[in-house]
Amino acid sequence: MAGQMLKRWADALVHFEYVYLNAFLRQFHPPQWIPLLVQPSQELVHKNESFDINSIFDGFLWGVPTCRRSAEKRMMRKYGSPQWHNKLILPRKDIKVCGTCGHYHEEKCLCPNCYSKVKAETTILQEQMIKELGINPVEKEVAIVYQGEKNQFNDEFFKDNKVIEVEKPRPKWFSKNLLQKSNANVTIETSTIKPHDLG
């Protein structure tokens with residue numbers, strides 16, 4: 001091993017002499033006096049011997065961890081931390097069953113199945129309003145009346161409001177109190193209407 005290192009050192013000196021000293025001495029062939037001084041002896045070069053790790057290893061391995069990783073660090077890398085980043089797949093405890101349709105949904109969130117029905121009904125009402133009112137401004141309050149509900153209102157209701165009739169029965173989940181105003185500045189008296197025809 002030492003012989004190989006000396007040979008590399010000699011090659012480096014020859015290259016240095018050829019590149020840098022020729023520029024100063026104006027010589028086109030590399031002189032041989034530097035490699036002769038550092039040429040390794042035949043005693044150090046053993047080409048026939050097999051490679052042995054003990055020739056370069058004196059009992060210590062460098063570039064490897066020198067300290068044992070603690071159990072806390074190993075568990076942190078493997079499983080994470082509940083306060084920081086939990087790597088475990090934990091069961092969810094915020095899944096609830098909808099009381100209306102029976103589908104599962106996250107706690108403190110609307111049921112996606114029920115809300116899809118609301119969005120579909122809202123789209124139908126919007127299309128009906130655009131069909132009858134157009135894009136012109138409406139000065140009166142807009143009221144929606146489903147099929148069979150016209151007899152429940154008096155004549156003043158139809159005078160004060162712009163009534164839009166929907167030619168379909170009211171869905172059971174769409175109670176009348178959903179159309180009441182929740183604004184406190186409204187002077188119209190509102191009464192509490194309980195949901196009807198609940199299945």
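The values are calculated or read from the model by the stated rules, or taken from the named source; none is laboratory data. Keep in mind that this is a model prediction, so the values were computed, not measured. These accessible areas exclude ligands, DNA and RNA; they are computed on the full protein's heavy atoms, side chains included. Shrake-Rupley method; radii C 1.70, N 1.55, O 1.52, S 1.80 Å.
Any chance you could look up the accessible area of K78 with a 1.4 Å probe, heavy atoms only, rounded to 10 Å²?
The accessible area comes out at roughly 120 Å².
What is the set of long-range amide H partners of S175 at a cut-off below 5 Å, with H atoms built 1.01 Å from backbone N?
none
Could you list, in their original order, any pairs among K87/K119; K87/K108; K131/K176; K108/K140; K96/K150 whose Cα atoms are separated by more than 27 Å? Write down the numbers at each step before the final one.
Working: K87/K119 37 Å; K87/K108 25 Å; K131/K176 23 Å; K108/K140 36 Å; K96/K150 39 Å.
Correct reply: K87/K119; K108/K140; K96/K150.
Give the ranking of Y104, Y20, Y79 by solvent-accessible surface, highest area first, calculated with a 1.4 Å probe. Intermediate results must be reported in sequence, preceding the final value.
Numbers: Y104 160, Y20 125, Y79 90 Å².
The most accessible residue leads, giving Y104, Y20, Y79.
Which far-off residues, 5 or more places away or on another chain, put their amide H under 5 Å from the one on K162, with H placed in the peptide plane?
Amide H to amide H, under 5 Å and 5 or more residues apart or across chains, K162 pairs with E141, V142, A143.
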